[in-house]
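Asker: Take this structure, written in structure tokens, and hold onto it; I'll ask about it next.
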Amino acid sequence: MSEASPTSSESQSANRPRVNDVTISVATSNGTGSQSANLILMRSIFNMGIPVGAKNMFPSNIQGLPTWFTVRASAAGWSGRRRLIDLCVAMNEESVVDDIAQLPPGATLVLHKSLEKYAQRTDLVVHVVPFDDLVSGLVKEPKLSKLVVNMIYVGVVAHLFAIDMKEVERAIQRQFSKKASAAKINLDAATVGHVWAEANLPQSATHRLERMSATDGKIIIEGNQATALGLVFGGMTVLGWYPITPSSSVAEVTIDYLSKYRKDPETGKPTYAVIQAEDELASMAIVVGAGWAGARAATATSGPGISLMGELVGLAYFAEIPAVIVDVQRMGPSTGLPTRVSQGDIFSAYHLSHGDGKHPLLLPGNVRECFEFAAESLDLAERLQTVIFVMLDLDLGMNLWSSDPFEPIAKPIDRGKVLDEAQLAKVGSFARYKDVDGDGIPYRTIPGNPHPLAAYFTRGTGHTEAATYSEKAQDWKGNLDRLTRKFDTARTLMPRPVLKAATPGQVAEIGVIAFGSSDPAVEESRAELASQGMAIDYLRLRALPIDREVREFIEAHRVVYVVEQNRDAQLASILKAELPERATALRSVLLYSGLPADAQSVTEDIVRQESKEGRA
Amino acid sequence: MSHEAAAPPAAPKPTKAPALNRLSLDLKAYKGANSTLCSGCGHDSITNAIIKSFFEYGVEPHRVAKLSGIGCSSKTTAYFLSRSHGFNSVHGRMAAVATGSNMANHTLLNIGVSGDGDTASIGLGHFLHMVRRNPQLVYLVENNGCYGLTKGQFSATADKGSLQKGGAVNRMDPIDICALAIEMGCGFVARSFSGDAKQLNQLLKAAIAHKGTALIDVVSPCVTFNNHEGSTKSYPYARAHEELIHEVGFVPFFEEISVDYDAGTTQVVELHDHSKVVLKKLERDYDPTNRRQALELLSHAQENQLFLTGLVYLDPSMPSMAEQLDLGSEPLATLPAEKLRPSPTALAEIMETFK
Ligand SMILES: Cc1ncc(C[n+]2csc(CCOP(=O)(O)OP(=O)(O)O)c2C)c(N)n1
Ligand code: SF4
Ligand SMILES: [Mg+2]
């Protein structure tokens, strides 16, 4: 990401269009086939070498409810959501009133002709497009025309912002690479839109897209896909799962790649096993059973599934069984907002289950880290013999992000402290829950080990070092204390936070801590605040439990804003519990509207809180 | 021992050598920790039957994984086969835990011990789905018609009209675990009684030899909470009412006895490992390989509150979960790490598709 502040483009002369800095929103309804048109629009911009990101804000149904797709092109590389839309394509009567009302003055509105009556605002640039007439010249069949009509706005937008139609064509060919007839009809539709717009509309006076080379060699990928690849390349051997939005595609994509890339070259047999379970209790039980028996086992779910897994996670914690849970977070229970963004499972995942217990959380902040951390989680689970959570959210998991291609994982697979028959023969003794090395991590054997000392009996609570039954106070307390030592070891093994000082080598007064999909919004907000003269150091948290760096960061700053996407300040409360003496220095910036995090909201909240202090 | 003719010195009186099985292990090698159950509990008899059966079959203890849920019954996995790994998991989830364990290592022989509460109430869903998948597992339900560990509440297998210790009447029809298992496609379904050591022993050995999930629903009286008059899972009731469907015999693959069985009175079914189940006809004409007949028998028993024991249903051909997953001979758990990570070339190839 470039350090240049994108706000600088605002200082450009008012009558010259802004170059490569535009946010487009397409308002359609769910199930009308707009998705491929939107992807093609995004891809075309990407093909021109311009950094671009996309966010799909979709309802929790299959067909008919309003849906928005935003494409943000940003030379500076900002990929977070932008609150202010520069151009809106309004195709949906159900949402059109709000869609228009939300536009800032001066924005462009591309309006379906049937919605013309809603265009009351005089402070917008309004282009009414006769989509129905244009499409009827192309296809007669109503179902097909409903799909194809979306490609017409791609052509219109291409004209307005000077997107190269060659790149639109390339994007179409890529999208429909397996279906030449579909590619043709879509290209025809885009061309019709483009030709019509050329004849009838001026190009945008405010925004323009020009070729760059910032996307050369880059990939576009969803966080869920990246996570799936991480599991496949991380050497996962057992997957138990149950479908739930927004995590389903983690498992589905994993299954796809497993079948292609995880066959034993000698025998042709799969080096994995997958079961779609009957519920999340079962998927977690499968993972726990498999981890106990020596597999590298994982599951993927979302908040409701996490709740169901609680008891088994507690079992895995006390029985010390490796397990990985990918949690693509969404809003709370039942129906309503399952397709909206939230980081609302941080607290429940960290403390999941009954009795004492804390679990390491990996917090990827971009798609590359989704890949790397998913792979790493399997190593950490076996190294620490515990449950590791990989915490995504819907924004990171289901939206498209541009990234450098992922590098092969350099670290060899780590299976942790497992004693096989020969090693057991060498050490000559084995006590399953004994802290031999002082790091709180005991050794384990896996079932099938023929050594006479190998077998042990696994229970949740109530065991001695040798895994025999005990309800003695000192045995139990000793075990809990060792688990605390193990958790302290975990602190040292988790990915380090990423530190970015406002001025390298110096410590600013204000710090900010954020994680996950909040990262692009926070980066952009820092640039905005810097342009207002407010220097902010940034610590991007990449895991819990925290270690030294986080402590030092919080200690070093007068105030630290903890940005998170939930109402209850879940991360802040965990940090306050870790550092009670600095509790008053921790403030919260909380985003919980269900929309992806945006820089403007972060900036406004920090400015508001600072000005209350009389500092800003 | 030398075979020289010299007269042996006066040898000390030989102590009786313990009987050894085909692995040269004695019965002790199949025992576990001391039981902490109430004395007389049916579950302890089942534990003894397990010890004996695994000993007689000559199962290598380290090739066994013991799994259980929660309950008095589920505790018993600690009381046998101390040389096998054991996992006392959580209430009702053992079926799914065992499924995972079997995925990780399908070369192990799993034995799962559950209770009627563990299987028919909290864990019913997992039980049914496990049966559909057919992992290799001897699945025992130690069925006492009540929740022993939480002090005697009715379970879902309590018969209609049976009484709780305090006198409460059960007004609901029981869940028949065997019938459900057959409905779900289980290839080995048996019912037995903890007091019928002989039959249980034969059934257990046959279950060990079976390729997929083998269910044995064993009525196992709870002497503390469900052994009173009015209970249909008490010792006196079970003893008075047990009716054998047939006489179950088992000939393991390593015993090459060829006996001519009278086809009119005896049915022989060969199992996957070439062991044989030998079923001798008693009163009724019954073919346990006939699924419809099996379901009819169970519903007839349910309607008339009969306690029928024996091998209710057998289909040795059902593909196991490992077969359906197409697993190779090496368990996933011990595959070498280099087989688990696709090459950098593969990653580069995948990355191209996202460009
Ligand atoms: C989630 C959960 N709910 C409830 C319990 C309490 N509980 C322990 S054992 C048990 C019932 C056991 O009955 P059964 O499976 O028939 O075993 P038995 O003791 O009769 O052998 C219950 C309800 C528990 N351990 N976990
Ligand atoms: S309470 Fe019942 S089931 Fe439990 S150990 Fe005692 S007799 Fe057995
Ligand atoms: Mg019971």
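The values are calculated or read from the model by the stated rules, or taken from the named source; none is laboratory data. Keep in mind the model is a prediction, meaning the values are calculated, not measured. Neighbour counts are summed over all protein chains in view; Cβ atoms, including those assigned to glycine, are modelled from backbone coordinates with ideal geometry. Remember, those area values only see protein heavy atoms, side chains included, never the ligands or the DNA or RNA. Shrake-Rupley method; radii C 1.70, N 1.55, O 1.52, S 1.80 Å.
Asker: Here is a check on your reading of the model: is B:Phe225 aromatic (Phe, Trp, Tyr) and in a loop (DSSP other than H, G, I, E, B)?
Answerer: The answer is yes for B:Phe225.
Asker: Among the numbered conditions (1) surrounded by fewer than 19 Cβ atoms within 10 Å (Cβ to Cβ); (2) more than 13 Å from ligand 1 (Cβ to nearest atom); (3) more than 27 Å from B:Asn304 (Cβ to Cβ); (4) modelled with pLDDT of 95 or more, tell me where B:Thr150 comes up short.
Answerer: Evaluating B:Thr150 over (1) surrounded by fewer than 19 Cβ atoms within 10 Å (Cβ to Cβ); (2) more than 13 Å from ligand 1 (Cβ to nearest atom); (3) more than 27 Å from B:Asn304 (Cβ to Cβ); (4) modelled with pLDDT of 95 or more leaves (2) as the failure.
Asker: Regarding A:Ala228, is this residue open to solvent by less than 10 Å² (accessible area, probe 1.4 Å) and touching a strand residue (DSSP E or B) at 6+ places or on another chain (Cβ under 8 Å)?
Answerer: The answer is no for A:Ala228.
Asker: Exactly one of these conditions fails for B:Met184: (1) within 14 Å of chain A (Cβ to nearest Cβ); (2) farther than 29 Å from A:Phe318 by Cα; (3) within 15 Å of ligand 1 (Cβ to nearest atom). Give me its number.
Answerer: Here B:Met184 clears every test but (3).
Asker: While we're on this one: Tell me the residue from B:Val138, B:Val218 that is assigned to a strand (DSSP E or B), under 23 Å from B:Asn48 (Cβ atoms), within 16 Å of ligand 1 (Cβ to nearest atom) and open to solvent by less than 20 Å² (accessible area, probe 1.4 Å), please.
Answerer: B:Val218
Asker: Related question: Which of the residues that make up the stretch A:399-430 are in a helix (DSSP H, G or I) and surrounded by 16 or more Cβ atoms within 10 Å (Cβ to Cβ)?
Answerer: A:Glu421, A:Leu424, listed by residue number.
Asker: Another question, if that's okay. Taking the conditions exactly as written (open to solvent by less than 40 Å² (accessible area, probe 1.4 Å), among the hydrophobic types (A, V, I, L, M, F, W, C) and assigned to a helix (DSSP H, G or I)), does A:Val154 satisfy them or not?
Answerer: When the stated conditions are applied, A:Val154 passes them.
Asker: Condition first: among the β-branched types (Val, Ile, Thr) and within 14 Å of another protein chain (Cβ to nearest Cβ). Can you find one or more residues in the stretch B:270-281 that meet it?
Answerer: no
Asker: Next question. Has the stretch A:178-199 got at least one residue that is within 32 Å of the chain's Cα centre (by Cα), open to solvent by 10 Å² or more (accessible area, probe 1.4 Å) and within 14 Å of another protein chain (Cβ to nearest Cβ)?
Answerer: Yes, the stretch A:178-199 has at least one match.
Asker: Just the residues that are at negative phi and either more than 7 Å from every other protein chain (Cβ to nearest Cβ) or open to solvent by 10 Å² or more (accessible area, probe 1.4 Å) (or both), please, taken from the stretch B:80-89.
Answerer: The answer is B:Phe80, B:Ser82, B:Arg83, B:Asn88.
Asker: Going through A:Asp345, A:Asp356 one at a time, which residue ends up being open to solvent by 10 Å² or more (accessible area, probe 1.4 Å) and in contact with an Asp or Glu (Cβ under 6 Å, 6 or more places away or on another chain)?
Answerer: A:Asp345
Asker: Which of the following residues is part of a loop (DSSP other than H, G, I, E, B), touching an Asp or Glu at 6+ places or on another chain (Cβ under 9 Å), at pLDDT 95 or above and of a type in the set (S, T, N, Q): B:Thr119, B:Thr107?
Answerer: Being part of a loop (DSSP other than H, G, I, E, B), touching an Asp or Glu at 6+ places or on another chain (Cβ under 9 Å), at pLDDT 95 or above and of a type in the set (S, T, N, Q) holds for just one of B:Thr119, B:Thr107, which is B:Thr107.
Asker: Follow-up question, since we're still on this one. If I filter the stretch A:209-218 for residues that are more than 7 Å from chain B (Cβ to nearest Cβ) and surrounded by 23 or more Cβ atoms within 10 Å (Cβ to Cβ), do I get at least one hit?
Answerer: yes
Asker: How about the stretch B:54-71: which of its residues are of a type in the set (Phe, Trp, Tyr) and either closer than 27 Å to A:Gly460 by Cβ or within 16 Å of ligand 1 (Cβ to nearest atom) (or both)?
Answerer: If the condition is that a residue be of a type in the set (Phe, Trp, Tyr) and either closer than 27 Å to A:Gly460 by Cβ or within 16 Å of ligand 1 (Cβ to nearest atom) (or both), then B:Phe54 is the only one that fits.
Asker: Here is a follow-up. Go through the residues of the stretch A:452-466 one by one and say whether even a single one is of a type outside the set (Lys, Arg), touching a His at 6+ places or on another chain (Cβ under 8 Å) and surrounded by fewer than 18 Cβ atoms within 10 Å (Cβ to Cβ).
Answerer: Within the stretch A:452-466 (the criterion being of a type outside the set (Lys, Arg), touching a His at 6+ places or on another chain (Cβ under 8 Å) and surrounded by fewer than 18 Cβ atoms within 10 Å (Cβ to Cβ)), the answer is no, since none of the residues qualifies.
Asker: Criterion first (touching a Lys or Arg at 6+ places or on another chain (Cβ under 6 Å) and modelled with pLDDT of 95 or more) does B:Met321 satisfy it?
Answerer: Yes.
Asker: Now for a different question. Might you let me know whether the stretch B:91-104 holds any residue that is free of Cβ contacts under 8 Å to residues at least 40 places away in the same chain, within 16 Å of ligand 3 (Cβ to nearest atom), open to solvent by less than 10 Å² (accessible area, probe 1.4 Å) and outside any helix (DSSP H, G or I)?
Answerer: There is at least one residue in the stretch B:91-104 that is free of Cβ contacts under 8 Å to residues at least 40 places away in the same chain, within 16 Å of ligand 3 (Cβ to nearest atom), open to solvent by less than 10 Å² (accessible area, probe 1.4 Å) and outside any helix (DSSP H, G or I).
Asker: Is it the case that A:Glu372 is within 14 Å of chain B (Cβ to nearest Cβ) and touching a residue at least 24 places away in the same chain (Cβ under 8 Å)?
Answerer: Yes; evaluated as a whole, the condition is true for this residue.
Asker: Here's a follow-up. Going through the stretch A:252-269 one residue at a time, which ones are at the interface with chain B (Cβ under 8 Å from one of its Cβ atoms), within 16 Å of A:Gly234 (Cβ to Cβ) and open to solvent by 10 Å² or more (accessible area, probe 1.4 Å)?
Answerer: A:Tyr257, A:Tyr261
Asker: Something else about it: Looking only at the stretch B:114-154, count how many residues are on the phi < 0 side of the Ramachandran plot and within 16 Å of ligand 2 (Cβ to nearest atom).
Answerer: 20
Asker: How many residues, within the stretch B:111-135, are more than 11 Å from chain A (Cβ to nearest Cβ) and open to solvent by less than 10 Å² (accessible area, probe 1.4 Å)?
Answerer: Qualifying residue count for the region: 11.
Asker: Take the residues in the stretch A:278-308 that are crowded, with 24+ Cβ neighbours inside 10 Å and assigned to a loop (DSSP other than H, G, I, E, B), then tell me which one is farthest from the other protein chains (Cβ to nearest Cβ).
Answerer: Result: A:Ser302.
Asker: Checking A:Ser204 against (1) out of contact with any strand residue (DSSP E or B) (no Cβ under 8 Å at 6 or more places or on another chain); (2) of a type in the set (Gly, Ala, Ser); (3) not assigned by TED's automatic domain parsing to the domain that holds A:Ala290, only one condition comes out false. Which one?
Answerer: The single condition A:Ser204 does not satisfy is (1).
Asker: A:Glu210: over 30 Å from A:Glu167 (Cα atoms), in a loop (DSSP other than H, G, I, E, B) and among the charged types (D, E, K, R), yes or no?
Answerer: no
Asker: If the requirement is being closer than 23 Å to B:Ser231 by Cα, among the basic types (Lys, Arg) and away from ligand 3 (no atom under 16 Å from the Cβ), which of these qualifies: B:Lys165, B:Lys160, B:Lys151?
Answerer: B:Lys160
Asker: Is there a residue in the stretch B:202-214 that is assigned to a strand (DSSP E or B) and more than 12 Å from the chain's Cα centre (by Cα)?
Answerer: For the stretch B:202-214, residues assigned to a strand (DSSP E or B) and more than 12 Å from the chain's Cα centre (by Cα): absent.
Asker: State which residue pairs qualify: first residue at pLDDT 95 or above and polar (S, T, N, Q) and inside the stretch B:178-194, second residue assigned to a helix (DSSP H, G or I) and open to solvent by 10 Å² or more (accessible area, probe 1.4 Å) in any location, beta carbons under 6 Å apart, and separation of 6 or more residues or different chains.
Answerer: Pairs that qualify, where the first residue is at pLDDT 95 or above and polar (S, T, N, Q) and the partner is assigned to a helix (DSSP H, G or I) and open to solvent by 10 Å² or more (accessible area, probe 1.4 Å), are B:Ser192/B:Gln199; B:Ser194/B:Ser45.
Asker: Tally up the residues in the stretch B:308-340 that are open to solvent by less than 50 Å² (accessible area, probe 1.4 Å) and either of a type in the set (D, E, K, R) or at the interface with chain A (Cβ under 9 Å from one of its Cβ atoms) (or both), please.
Answerer: Residues meeting the conditions: 13.
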